[in-house]
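Engineer: Below you'll find the structure I mean.
The values are calculated or read from the model by the stated rules, or taken from the named source; none is laboratory data. This structure is a prediction, so every number in the text was calculated from the model and none was measured. Methodologically, a virtual Cβ is constructed for each residue, glycine included, from the backbone with ideal geometry; neighbour enumeration extends over all protein chains shown.
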Amino acid sequence: MVMDFSFLKTCMMDVIYDACDHGTILFKDDPLCATFLKVPADAPVGECIMDHSNLMEGMKLLLLPVVPTAENLAQFWHAKLVERIESFFRNRSENAPRLHCIEVAETPNCVATFPAV
C-alpha cells in the first residue's frame, strides 16, 4: 500500500469539498467581488471565506488568483493537495508518496488534468 485512501479522502474533503461545495468561486479581480459582494481588497485569496458581512448566512466564497476554469482549478487544487501530502509525510519516510495528477471534469467528455499526462 502506498497511501491510505482515507488520508487522501480527508485531504480532498478539507481542500476541495469543504471549501467549495455549494460555494462560489471567483477570480479575485472579478467585478462581482467589488460591486455585488463588496469583498475588501485585502480578503484572503485561496482560502474559503464564510464570515464576510456581505455574504448570506452559510455562503462560501473562494477567491482565486486566476480565473476559475477547469484547467486553473486543477492546477490550484493540485498545489494545495501536494502541499498537504508533503507536509504530512515530511520526516516520516524517505519514499513518501507523491500526487501524480488531479482531474477536474466539467462534463463526462471534458476533463482538465494537471499536470498534463
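Engineer: Test residue 46 against the criterion of being surrounded by 12 or more Cβ atoms within 10 Å (Cβ to Cβ) and among the small types (Gly, Ala, Ser), and give yes or no.
Structural biologist: Against the criterion (surrounded by 12 or more Cβ atoms within 10 Å (Cβ to Cβ) and among the small types (Gly, Ala, Ser)), residue 46 qualifies.
Engineer: Then there is this: Test residue 37 against the stated conditions and say whether it is farther than 25 Å from residue 107 by Cα, surrounded by 16 or more Cβ atoms within 10 Å (Cβ to Cβ) and not aromatic (Phe, Trp, Tyr).
Structural biologist: Criteria met by residue 37.
Engineer: Among the residues of the range 73-89, is any loosely packed, with under 13 Cβ neighbours inside 10 Å and in contact with a strand residue (DSSP E or B) (Cβ under 9 Å, 6 or more places away or on another chain)?
Structural biologist: Within the range 73-89, none of the residues are loosely packed, with under 13 Cβ neighbours inside 10 Å and in contact with a strand residue (DSSP E or B) (Cβ under 9 Å, 6 or more places away or on another chain).
Engineer: Residues that are touching a residue at least 40 places away in the same chain (Cβ under 8 Å) and within 27 Å of residue 7 (Cα to Cα): which strands (runs of 3 or more DSSP E) entirely in the range 17-117 hold 3 or more of them?
Structural biologist: Those strands (runs of 3 or more DSSP E) span 110-114.
Engineer: Does residue 73 meet the test of being in contact with a Gly (Cβ under 7 Å, 6 or more places away or on another chain) and either under 18 Å from residue 115 (Cα atoms) or modelled with pLDDT of 90 or more (or both)?
Structural biologist: Spelling it out, it is not the case that residue 73 is in contact with a Gly (Cβ under 7 Å, 6 or more places away or on another chain) and either under 18 Å from residue 115 (Cα atoms) or modelled with pLDDT of 90 or more (or both).
Residue-by-condition table, conditions (1) of a type in the set (Asp, Glu); (2) over 12 Å from the mean Cα position of the chain (by Cα):
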| site | (1), (2) |
| --- | --- |
| 10 | no, yes |
| 16 | no, no |
| 28 | no, yes |
| 31 | no, yes |
| 44 | no, yes |
| 60 | no, yes |
| 76 | no, no |
| 83 | yes, no |
| 101 | no, yes |
